[in-house]
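The values are calculated or read from the model by the stated rules, or taken from the named source; none is laboratory data. As the structure is a computational prediction, the values presented were derived from the model and not from experiment. Just so you know, the surface numbers come from the protein's heavy atoms only, side chains and all, with ligands and any DNA or RNA stripped out. Shrake-Rupley method; radii C 1.70, N 1.55, O 1.52, S 1.80 Å.
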Amino acid sequence: MSGRFVHTSQISPPQGRALMVRCGGLVFSATLRRFSGWTLVYGSSEASMPNPPEEWWLDDALAKEMGLDIDAIEAERRTLVM
C-alpha cells in the first residue's frame, strides 16, 4: 500500500480516525478531533493543540474513501516544491 505525508493546510485530516501524523519533527499515531481547536488522542492520553499537526499520512485506500485523487495531490505538491 502506498501513500505519503500531506500538509494539513492542503487537505484537512479526517476526524475520529487513527492516522500517522508528523508534528514538530515527531511522527506518531493519533486520532484527531476538532472542537475549539484540535485535540490529538493517542493511547489513553489527549493533547490540545491550537493548530492541527503539520502533516498526516494519506494512503491510497483513505484517499479513495475520501474521494481524493492522490496522484493529482502528489503532482501539485511537486509543482509547489520546484
How much of the accessible area of the chain, in percent, comes from carbon and sulfur atoms when a 1.4 Å probe is used? 53 percent
Between residue 28 and residue 51, what is 0.36 nm times their sequence separation minus the Cα-Cα distance? Round to one decimal in nm. 6.6 nm
Share of Cα-Cα pairs in the chain beyond 22 Å, whole percent, is 24 percent
Expressed as a whole-number percentage, the relative contact order of the chain with C-alpha contacts under 8 angstrom and at least six residues apart is 30 percent
The chain, accessible area per residue, ligands and nucleic acids excluded (1.4 Å, Å²): 65 Å²
